[in-house]
1. Can you list residue pairs whose Cβ atoms sit under 8 Å apart, with the first residue in the range 77-104 being on the phi < 0 side of the Ramachandran plot and assigned to a strand (DSSP E or B) and the second being away from ligand 1 (no atom under 16 Å from the Cβ) and among the charged types (D, E, K, R)? Count only pairs 6 or more apart in sequence or on different chains.
2. Scan the range 177-198 for residues that are away from ligand 1 (no atom under 16 Å from the Cβ) and in contact with a helix residue (DSSP H, G or I) (Cβ under 6 Å, 6 or more places away or on another chain) and jot them down.
3. Scan the range 101-118 for residues that are within 11 Å of ligand 1 (Cβ to nearest atom) and out of contact with any Phe, Trp or Tyr (no Cβ under 8 Å at 6 or more places or on another chain) and jot them down.
4. State yes or no: is Q128 at pLDDT 95 or above, more than 23 Å from the chain's Cα centre (by Cα) and either surrounded by fewer than 21 Cβ atoms within 10 Å (Cβ to Cβ) or more than 16 Å from ligand 1 (Cβ to nearest atom) (or both)?
5. Is there a residue in the range 147-166 that is free of Cβ contacts under 8 Å to residues at least 24 places away in the same chain and away from ligand 2 (no atom under 15 Å from the Cβ)?
6. Give the residues of the range 61-107 that are modelled with pLDDT under 95 and open to solvent by 80 Å² or more (accessible area, probe 1.4 Å), sorted by residue number.
7. Does K180 satisfy being more than 16 Å from ligand 2 (Cβ to nearest atom), at positive phi and open to solvent by 30 Å² or more (accessible area, probe 1.4 Å)?
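The values are calculated or read from the model by the stated rules, or taken from the named source; none is laboratory data. Everything numeric here is computed off the predicted structure, so don't read it as measured data. Using ideal geometry, Cβ is built from the backbone for each residue, glycine included, and neighbour counts are taken over all protein chains shown. The accessibility values were calculated without ligands, DNA or RNA, using every heavy atom of the protein model including side chains. Shrake-Rupley method; radii C 1.70, N 1.55, O 1.52, S 1.80 Å.
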Amino acid sequence: MTVTLNKNLHAQYLKSMGIDVWVRRNLPESIPATVSTVTEENKTLPQNPKEKSEASPVPVPVPVPVHLLNWEDLENRVKSCTACELHKSRTQTVFGVGNRQADLILIGEAPGEDEDAQGEPFVGRAGQLLNAMIYSIDLKREDLYIVNVVKCRPPNNRNPHIDEMACCKDFLQRQIALIKPKLIVALGNVAAHHLLMTNTPIGKLRGQRFEYGDAKIPLIATYHPAYLLRRPTEKRHAWQDLQLIRETLSNYET
Ligand code: URA
Ligand code: SF4
């Protein structure tokens, strides 16, 4: 047998037993599953995010590849570059300096403290010696182009790491492609190893002519002027290399 109690009677029983009856007030008939915030202004917009992206795609700018940049855009690209860790320790980037139509390009390793402060390669003590080396073969700094493998100063003047040089490689390659030099001179182990993709010590690489890249640009490696400041007895070898540089360049003169 089923006893169906009237709601009020049920409440009275419970009350007589000392049990409070709680009744929810103003309970809506049903609660919506999602809360929509569609207003008069936005009700025509699609609410599904997928539909939204199809309806109004946000254009993503694709940067022009480095190998197509002109000088100005290349310099700006380097200035704003944060591709490797070295951007964190720089004061400014050190792009390169000199004659953009030069026959000769000198490639060092990385900016040091003075270069980082002034924004120009080889302006410190090593730079002074480099200038003297250049004058010794009847050239001036302004006749050639001077650049480094990496454009930002490594912390505490440590050598740039292989991955940092790889990150910066396109910039140097573009600089070489724009200049179209007749001769590349790699200054020291770091530049020579990077450009020739070898681990052979500079003492064995110097005094010879190599070729760089698809354009087979003649390349001579010699001691870094900072090394010559520490080991002045090696200057006699550097002097021989300078003669080879002069001879190679004069072969192109008409
Ligand atoms: N050493 C380098 O290799 N480059 C510079 O610009 C200065 C010192
Ligand atoms: Fe960019 Fe070269 Fe500087 Fe690294 S070293 S942040 S790759 S410009």
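1. L104/D143; L104/K182
2. Result: L183, single match.
3. Taking the range 101-118 and keeping what is within 11 Å of ligand 1 (Cβ to nearest atom), we get 106-116, 118.
Listed by number, the residues that qualify are I107, E109, A110, P111, G112, E113, D114, D116, Q118.
4. Values: at pLDDT 95 or above: yes; more than 23 Å from the chain's Cα centre (by Cα): yes; either surrounded by fewer than 21 Cβ atoms within 10 Å (Cβ to Cβ) or more than 16 Å from ligand 1 (Cβ to nearest atom) (or both): yes.
Considered against the rule, which asks whether it is at pLDDT 95 or above, more than 23 Å from the chain's Cα centre (by Cα) and either surrounded by fewer than 21 Cβ atoms within 10 Å (Cβ to Cβ) or more than 16 Å from ligand 1 (Cβ to nearest atom) (or both), Q128 comes out as yes.
5. yes
6. Our first condition is that a residue be modelled with pLDDT under 95; within the range 61-107, this holds for 61-63, 89.
Listed by number, the residues that qualify are P61, V62, P63.
7. yes
One line per residue, one yes/no per condition, for (1) touching a strand residue (DSSP E or B) at 6+ places or on another chain (Cβ under 6 Å); (2) among the small types (G, A, S); (3) crowded, with 16+ Cβ neighbours inside 10 Å; (4) closer than 28 Å to E85 by Cα:
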residue	(1), (2), (3), (4)
L187	yes, no, yes, yes
M197	no, no, no, yes
F210	yes, no, yes, no
D214	no, no, no, no
Q243	no, no, no, no
